[in-house]
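**Q** The structure's right below; bear with me while I get my questions together.
The values are calculated or read from the model by the stated rules, or taken from the named source; none is laboratory data. Keep in mind that what you see is a predicted model, and the values were worked out from it rather than measured. Ideal geometry is used to build each Cβ from the backbone, glycine not excepted, and the neighbour counts take in all protein chains shown. These area figures cover heavy atoms from the full protein model, side chains too; ligands, DNA and RNA do not enter into them. Shrake-Rupley method; radii C 1.70, N 1.55, O 1.52, S 1.80 Å.
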Amino acid sequence: SQQGEEDPQALSIQEGENATMNCSYKTSINNLQWYRQNSGRGLVHLILIRSNEREKHSGRLRVTLDTSKKSSSLLITASRAADTASYFCATNTGFQKLVFGTGTRLLVSP
Amino acid sequence: DVKVTQSSRYLVKRTGEKVFLECVQDMDHENMFWYRQDPGLGLRLIYFSYDVKMKEKGDIPEGYSVSREKKERFSLILESASTNQTSMYLCASSFPPYRGGGNTIYFGEGSWLTVV
């Protein structure tokens, strides 16, 4: 069962621009996480935001969480070509498993 | 750094063959997972193990089985491979919440399986 749905499915921007990806989910969560996947590789954890947090920063990443709307956004500021990847949100509902969304493909052109 | 190693990066198998995908982690994680990833479907959980010899079905267990005889090793078994099992398979591991893991999952590099 898919808990998270990312929007947009694909995003194409120029270097230096900001990239915003959104995630919506269906049930109450303990935390929400964002992962990155380079083409053909495994996923790498980027950032975790707990259900009682509204915003979190890590370097050029900013994540917001709105539990009333069951949505989260990931902002990458000053994008670089190396940020080209797929980005997934994953929700933790309190069990020992994460449920992943379908991902946003980000292309950053030089 | 956490290391999750999947033994085969690319495999080609014939329909009906028994296929073993092996995964080893070096961080003493209790939890281990097998996901498959298909275009447009994201990651779907096949099986999950929270301790040695313990396993739990995920969302799409049909056609698969798993083995966890040692804490560091989690094997995915396709008893009789079929063409609809052609996919990328991702192994992952994590600490459980009682060991402060926060459920952050660490992934291997993936195994591309083609069944012909």
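**Q** Which ³J(HN,Hα) values in Hz, rounded to whole numbers, follow from the phi angles of segment B:33-38 under the Karplus curve 6.51 cos²θ - 1.76 cosθ + 1.60, where θ = phi - 60° and Gly and Pro get x?
**A** My calculation for segment B:33-38 gives 9, 10, 10, 10, 10, 10 Hz in order.
**Q** For segment B:13-116, what is the accessible area per residue in Å² when the probe is 1.4 Å? Please list the in-between numbers first.
**A** Values: 4550 Å² over 104 residues.
Result: 44 Å² per residue.
**Q** Using the structure shown, select from B:K18/B:K55; B:K3/B:K70; A:K97/B:K3; B:K13/B:K71; A:K97/B:K71; B:K3/B:K57 the pairs with a Cα to Cα distance greater than 22 angstrom.
**A** B:K13/B:K71; B:K3/B:K57
**Q** Just add up the charged neighbours of B:C23: K/R +1, D/E -1, any other residue whose Cβ is under 14 Å from the Cβ of B:C23.
**A** +3
**Q** What is the ratio of the Cα radius of gyration of chain A to 2.2 N^0.38 Å, with N the residue count, to two decimals?
**A** Scaled against compact globular proteins, the figure is 1.00.
**Q** Select from segment A:69-110 all residues whose loss of accessible area on going from the chain by itself to the full protein assembly reaches 30 Å² or more (probe 1.4 Å).
**A** SASA drop of 30 Å² or more in segment A:69-110: A:Q96, A:K97, A:L98, A:F100, A:T102.
**Q** Moving on. Could you go through segment A:30-36 in sequence order and give the Karplus-derived ³J(HN,Hα) for each residue, using 6.51 cos²θ - 1.76 cosθ + 1.60 with θ = phi - 60°, rounded to whole Hz, and x for Gly and Pro?
**A** 8, 8, 10, 10, 10, 10, 10
**Q** Would you pull out the residues with amide H under 5 Å of A:S79's amide H, same chain only if 5 or more places away, H placed 1.01 Å from N?
**A** Amide H neighbours of A:S79: A:G16, A:E17, A:N18, A:A19.
**Q** So, one more: Under the rule of at least 5 residues apart or a separate chain, name every residue whose amide H is placed under 5 Å from the amide H of A:T102.
**A** Answer set, sorted by chain and number: A:E6.
**Q** While we're on this one: Solvent-accessible area per residue for chain A at a 1.4 Å probe radius, Å²?
**A** Here the per-residue accessible area is 47 Å².
**Q** A follow-up question, please. May I ask you to work out the translational diffusion coefficient for the protein assembly as shown at 20 °C, viscosity 1.002 mPa s, via Stokes-Einstein with Rh from the Kirkwood sum over Cα pairs, reported in whole µm²/s?
**A** Values: Rh = 17.9 Å.
Translational D for this selection: 119 µm²/s.
**Q** How large, in percent, is the carbon and sulfur part of the accessible surface of the protein assembly as shown at a probe radius of 1.4 Å?
**A** Of all accessible area on the protein assembly as shown, carbon and sulfur atoms account for 49 percent.
**Q** Quick check: Cα centre of segment A:71-91 to Cα centre of segment B:7-76, how many Å?
**A** A separation of 27 Å, based on Cα centres.
**Q** What's the buried accessible area, both sides, between A and B using a 1.4 Å probe, rounded to 100 Å²?
**A** Details: alone 6130 and 6350 Å², together 10670 Å².
Roughly 1800 Å².
**Q** Nearest 20 debye, what's the magnitude of the dipole of the protein assembly as shown about its Cα centre given +1 on Lys and Arg Cβ and -1 on Asp and Glu Cβ?
**A** Approximately 180 debye in magnitude.
**Q** Moving on. With the cut-off at 15 Å, report for segment B:19-111 the share of all Cα pairs above it, as a whole percent.
**A** Working: 2407 of 4278 pairs.
The share of Cα pairs beyond 15 Å in segment B:19-111 comes to 56 percent.
**Q** What list of ³J(HN,Hα) couplings, whole Hz, do you get for segment A:93-106 from phi and the Karplus terms 6.51, -1.76, 1.60, once you set θ to phi - 60° and write x for glycine and proline?
**A** 9, x, 8, 8, 10, 9, 10, 9, x, 8, x, 10, 8, 9
**Q** So what's the net charge close to B:G42: Lys and Arg +1, Asp and Glu -1, counting the other residues with Cβ under 15 Å from its Cβ? Don't skip to the answer; put the middle values down first.
**A** Working: positive: A:K26, A:R36, A:K97, A:R105, B:R36, B:R44; negative: A:E5, A:E6, A:D7, B:D38, B:D59.
Residues near B:G42 contribute +1 overall.
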